[in-house]
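Novice: Have a look at this one before I ask anything.
The values are calculated or read from the model by the stated rules, or taken from the named source; none is laboratory data. Just so it is clear, the structure is predicted and the values come from calculations on it, not from any experiment. Ideal geometry is used to build each Cβ from the backbone, glycine not excepted, and the neighbour counts take in all protein chains shown. Keep in mind that these areas ignore ligands, DNA and RNA; they rest on the heavy atoms of the full protein, side chains included. Shrake-Rupley method; radii C 1.70, N 1.55, O 1.52, S 1.80 Å.
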Amino acid sequence: YELANKMGIRRMGAILNQFGFGTLTGIDLDDELPGIVASPEWKRRMKGERWYDGDTIISAIGQGFMQATPLQLAAATATLANRGQRFMPFLLLGEQLPGKAYVSQQPISLDPVTLQDDVYWDIVIKAMQDVVASPGGTAYRAFGPHNYTYTIAAKTGTAQVSRRRNPDEQDKQENLPEKLRDHNLFIAFAPADKPKIALAIITEHSHVAAETARAIFDYYLGTQQNVTRHSPNKIEKTPA
């Protein structure tokens, strides 16, 4: 509570904006949505209400009025992997006009995320590695006990669909109608020490986002080319 209010919603909003939330990514697709990074001005304009300390608290834990697209989540995850270096996402691999040579699409750099101390990148990424590598991690069941050779940094999440009535047996997810079950979120990049792929997955009314990511990483990275699985104390800084 004290930490969230000390940071304040404006500081939280500023860092979220640096990661690209609340704005268009610029991808070469139509009808992209910018999402929402809420602020006192936004709430007054959209809800006709003032901003409360409680709004800041729930915003600090990923709830509240914020909205993000899966693409924004994936782009922000890639930014984490790159320790602040940002690129505009695109689908076009290249183009070749009649009578011309093939020209591949070149990365388009965006303004980087800047921190007061770069050590925070290592702290966050190490914590994200523990999500899958530590027995207490929320994705350990999908990754930790099973054989794989690449490092991975990840974060699980839940998008609540219906309000809980009672925290008893009758209100467990498997006992709810499918349309009322929560959505499962998972962001990750791998290998954690030499990033090659970043992703964001949302599975609707299910809890298999981490398992889905595991299948994608296993397919993309294979088993021969991967780096070692152990979590390094100091993560090598390499581009994704």
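Novice: Could you give the length gained on full extension between T114 and K100, defined as 0.36 nm per residue of separation minus the Cα-Cα distance, in nm?
Specialist: Working: separation 14, 0.36 × 14 = 5.04 nm, distance 4.02 nm.
Length difference between fully extended and current span is 1.0 nm.
Novice: Another question about this same structure. Is there a quick way to get the dipole size of the stretch 1-132? I mean about its Cα centre, with the Cβ of Lys and Arg at +1 and of Asp and Glu at -1; what is the value in debye to the nearest 20? Mind dumping the intermediate values first?
Specialist: Working: 12 positive and 15 negative charges, 66 e Å.
Value, rounded to 20: 320 debye.
Novice: In terms of modelled amide H atoms, which long-range or inter-chain residues lie less than 5 Å from the amide H of A68?
Specialist: Under 5 Å from the amide H of A68: I36.
Novice: Pick from A198, A74, A142: which is most flexible by mean-square fluctuation in a GNM of the chain where alpha carbon atoms under 10 Å apart are linked?
Specialist: Evaluated over the chain, the most mobile residue of the options is A142.
Novice: Then there is this: Roughly how many Å² is the accessible area per residue of the stretch 19-148, as a whole number, for a 1.4 Å probe?
Specialist: Working: 7960 Å² over 130 residues.
I get 61 Å² per residue for the stretch 19-148.
Novice: Separate question: Once you have a ≥ b ≥ c as the square roots of the Cα gyration tensor eigenvalues for the stretch 11-168, tell me rounded if a/c is under 1.5, and otherwise prolate or oblate according to whether a/b is larger than b/c.
Specialist: Details: a/c = 1.83, a/b = 1.21, b/c = 1.51.
Taking the square roots of the gyration eigenvalues as a ≥ b ≥ c, the stretch 11-168 is oblate.
Novice: With r defined as the distance between the Cβ atoms of H183 and D31 and R0 fixed at 22 Å, what FRET efficiency is calculated, to the nearest 0.05? Each step should come with its number before you reach the end.
Specialist: Numbers: r = 21 Å, r/R0 = 0.97.
Efficiency, from the Cβ-Cβ distance: 0.55.
Novice: Still on this structure: Explain nothing, just compute: Karplus ³J(HN,Hα) = 6.51 cos²θ - 1.76 cosθ + 1.60, θ = phi - 60°, for every residue of the stretch 29-39 in order, whole Hz, x for Gly and Pro.
Specialist: 9, 7, 6, 5, 9, x, x, 9, 10, 6, 8
Novice: Please work out whether the stretch 1-93 counts as rounded, prolate or oblate from its C-alpha gyration tensor, where a ≥ b ≥ c are the square roots of the eigenvalues and a/c under 1.5 means rounded, while otherwise a/b larger than b/c means prolate and anything else oblate? Working shown, then result.
Specialist: On the way: a/c = 3.03, a/b = 1.65, b/c = 1.83.
Because a/c hits 1.5 or more and a/b fails to exceed b/c, the stretch 1-93 counts as oblate.
Novice: Sticking with this one: Can you list residues from other chains, or at least 5 along the same chain, whose modelled amide H is less than 5 Å from the amide H of F87?
Specialist: Excluding prolines and chain starts, which carry no amide H, the hits are L110.
Novice: Something else now. Of the accessible area of the chain, with the probe set at 1.4 angstrom, what percent is carbon plus sulfur? Kindly include the intermediate steps, with their values, before the conclusion.
Specialist: Numbers: 8250 of 15020 Å².
Carbon and sulfur atoms account for 55 percent of the accessible area of the chain.
Novice: Between the stretch 87-159 and the stretch 16-85, how far is it from one alpha carbon centroid to the other, in angstrom?
Specialist: Result: 18 Å between the Cα centres.
Novice: Size of the dipole of the chain about the Cα centre, Lys and Arg at +1 and Asp and Glu at -1 on the beta carbon, nothing else charged, in debye to 20? Present the calculation step by step, with values, prior to reporting the outcome.
Specialist: Details: 26 positive and 26 negative charges, 72 e Å.
For the chain, the charge dipole is close to 340 debye.
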